[in-house]
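Remarks on the structure that follows.
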Ligand SMILES: Nc1ncnc2c1ncn2[C@@H]1O[C@H](COP(=O)(O)OP(=O)(O)O)[C@@H](O)[C@H]1O
Ligand SMILES: [Mg+2]
């Protein structure tokens, strides 16, 4: 008989994103968790890279914010969820912002589109003046 | 300010990135290398990134900028030791690093730079992306 498992959060932590050094801490902390939870090296590298991109966006475009990381469990399956929030100017055209190469700040324009590809789930909530929240999840 | 050391071997410059590369440190390296290439008339730059656990779009762009500046100053750049997981991730991120010559390790990278300096063909190196 099939049982439907509930998604539970087994671990959670909030990190500030206010300076360049915070970006380094975000990368290190995500890496530590992933290695403790035995994600594969390739998964670790993809997730830390996505975290670096999204944390930099919160800092550079959003004027700073925070990352909440949570370890998820659904039955025996584990995942990591990273939620980046800022109270910056927000994004008027999300479809445009997700396009590879689109940047309003002289960047590479790969942070949003790239993180979406690197993670299993990607959600963005943003509107002008209301800040931005990007939530990404990757399952083991 | 903290700086990444640049070693000189003959007409080549060698950099090993061993720290957590925060953005200003990467930009400082770009500036320092440009100055050293010009001052010494260096013919080649080798950047060992085997200790780098990730290359995101900012670091990728900095490496590409260094290679572009070096080329204008008549020097070749080779990036060596990229971890396979980093290479896979970079491609998925959408950065194929065109214009950056890569080699598997320091020896092959040095060999390429020496041959490039004498007008050779760079045997023994591989392109990460064309
Ligand atoms: N947190 C954010 N707040 C406001 N705007 C953002 C945020 N994240 C991304 N953007 C907008 O989306 C664009 C694309 O982002 P991204 O793909 O990361 O490229 P880049 O950061 O190189 O510009 C940015 O240039 C910016 O205009
Ligand atoms: Mg970005």
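Would you call residue B:72 away from chain A (no Cβ under 12 Å), buried (at least 19 other Cβ atoms within 10 Å of the Cβ) and away from ligand 2 (no atom under 16 Å from the Cβ)? No. Only one entry in B:63, B:46, B:33 is buried (at least 21 other Cβ atoms within 10 Å of the Cβ), touching a residue at least 60 places away in the same chain (Cβ under 8 Å) and on the phi < 0 side of the Ramachandran plot, namely B:46.
Contact map, the range A:54-76: residues that are closer than 17 Å to residue A:121 by Cα paired with residues that are part of a loop (DSSP other than H, G, I, E, B), Cβ distance under 7 Å, separation 6+ or inter-chain. Pairs shown: A:71/A:37; A:74/A:5. For residue A:62, the conditions (1) away from chain B (no Cβ under 14 Å); (2) modelled with pLDDT of 95 or more; (3) more than 9 Å from ligand 1 (Cβ to nearest atom) are fulfilled apart from (3). Restricting attention to the range A:30-72, the residues that are within 15 Å of residue A:131 (Cα to Cα) and either away from ligand 2 (no atom under 14 Å from the Cβ) or not in a strand (DSSP E or B) (or both) add up to 13.
The residue that is farthest from residue A:4 (Cα to Cα), counting only those in the range A:73-109 that are part of a loop (DSSP other than H, G, I, E, B) and more than 13 Å from ligand 2 (Cβ to nearest atom), is A:89.
Checked across the range A:116-126, the condition of being within 14 Å of the chain's Cα centre (by Cα) and more than 16 Å from ligand 1 (Cβ to nearest atom) holds for at least one residue.
If the condition is being closer than 20 Å to residue B:112 by Cβ and buried (at least 20 other Cβ atoms within 10 Å of the Cβ), then the range B:91-100 contributes B:97, B:100.
Give the range A:14-23 a look and list any residue that's away from ligand 2 (no atom under 16 Å from the Cβ) and not in a loop (DSSP other than H, G, I, E, B), or say none. Within the range A:14-23, A:14, A:15, A:16, A:21 meet the criteria. Among the residues of the range B:96-106, is there at least one that is in contact with a helix residue (DSSP H, G or I) (Cβ under 6 Å, 6 or more places away or on another chain), more than 14 Å from chain A (Cβ to nearest Cβ) and outside any loop (DSSP other than H, G, I, E, B)? Scanning the range B:96-106 turns up at least one residue that is in contact with a helix residue (DSSP H, G or I) (Cβ under 6 Å, 6 or more places away or on another chain), more than 14 Å from chain A (Cβ to nearest Cβ) and outside any loop (DSSP other than H, G, I, E, B).
The values are calculated or read from the model by the stated rules, or taken from the named source; none is laboratory data. Computed from a predicted structure; not experimentally measured. All Cβ positions, glycine included, derive from the backbone under ideal geometry; neighbour counts span all protein chains shown.
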